[in-house]
Amino acid sequence: MIWHIVTRELLDHLTSLRFALTTLILVALMVTNAVVHLQTHPERIRKYSENVSASHTELKSRTQLYALLQKGPGKLYKRPSSLTFIADGGDAFLPSESVSGGFWRLYGLSYIWAMGVPRLNMDAISNHRPTAVVIDWVFIITYLLSFIPLLFTFDALSGERERGTLRLCLANPISRPALLVGKFLGSLTAVLIPFYFAVLFNLAIISTESWTQLGGADWGRVGLIILIASCYAGIFITVGLIVSAMTRESRLSLVVLLLIWVTVVVFMPSTLGTLST
């Protein structure tokens, strides 16, 4: 019986307008993310390769061990992350190369090289405010994968109560926990189908460029992020079902869920981020 509820819930969502709009919006954002990544990441890799090549050439010119000890191996460059399309991670504020950390006397030698890392400008980081919205996976997961589950579940129970179908459903030999589990699984599947489709589309576009190929460790991180995103969506589906079960009108359920979403997803992170600085 529970799988019958899952199937019915899933079919209702798949044939709805909100499912089509969800798929369209997610695919459009993921394609935009992939196109921007293909335009910016190869240039970072080319610049990194040129710097490394120049550093190797300079290092080969230092044939004497004492000169190498004095001047060091040259600058060491940080390879750009291949997962910046998922999250920037403040990569622009991190040092991209090592610097000379100082020279020290040792056993009669004049000076020897020591590697150092440039200090971060914490004031610039604290006062930084993005001039435009960065459409990466973090943005899509944080905002859309929390908002869409609420749209799929705000009338899951309150809507059926208004239409009178909830009473008919409970008249069958099915428990209320089984009904809730069935609606949860059906709604979660309906939310994750367009998300997974958009993710596959995104990764397929990114994989077309040789400069943006992902390694084995990168694919593992991508899989972990997708798993976390699925659990994240499941949390908001649970919240939506709880509110829908506690309200008698779908309009009231939608208003309550919108207030919860604005408070938890929009207001609290920005407020706490401002207070922490």
*Can you pull out the residues in region 238-260 that are in contact (Cβ under 8 Å) with a residue 40 or more places away in the chain and charged (D, E, K, R)?*
ARG248, GLU249
*Failed item in (1) part of a helix (DSSP H, G or I); (2) surrounded by fewer than 19 Cβ atoms within 10 Å (Cβ to Cβ), with LEU254 passing the rest*: (2)
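Which residue, of ALA217, ALA233, ALA204, is under 30 Å from ARG79 (Cβ atoms), of a type in the set (A, V, I, L, M), part of a helix (DSSP H, G or I) and modelled with pLDDT of 90 or more? If you could, list the steps in order and put the result at the bottom.
Working: ALA217 fails: modelled with pLDDT of 90 or more; ALA233 fails: under 30 Å from ARG79 (Cβ atoms).
Going through ALA217, ALA233, ALA204 in turn, just one is under 30 Å from ARG79 (Cβ atoms), of a type in the set (A, V, I, L, M), part of a helix (DSSP H, G or I) and modelled with pLDDT of 90 or more: ALA204.
The values are calculated or read from the model by the stated rules, or taken from the named source; none is laboratory data. Small disclaimer: the values here were computed from a predicted structure and weren't measured. Positions of Cβ are generated from backbone atoms using ideal geometry, with glycine treated the same way; all protein chains shown enter the neighbour counts.
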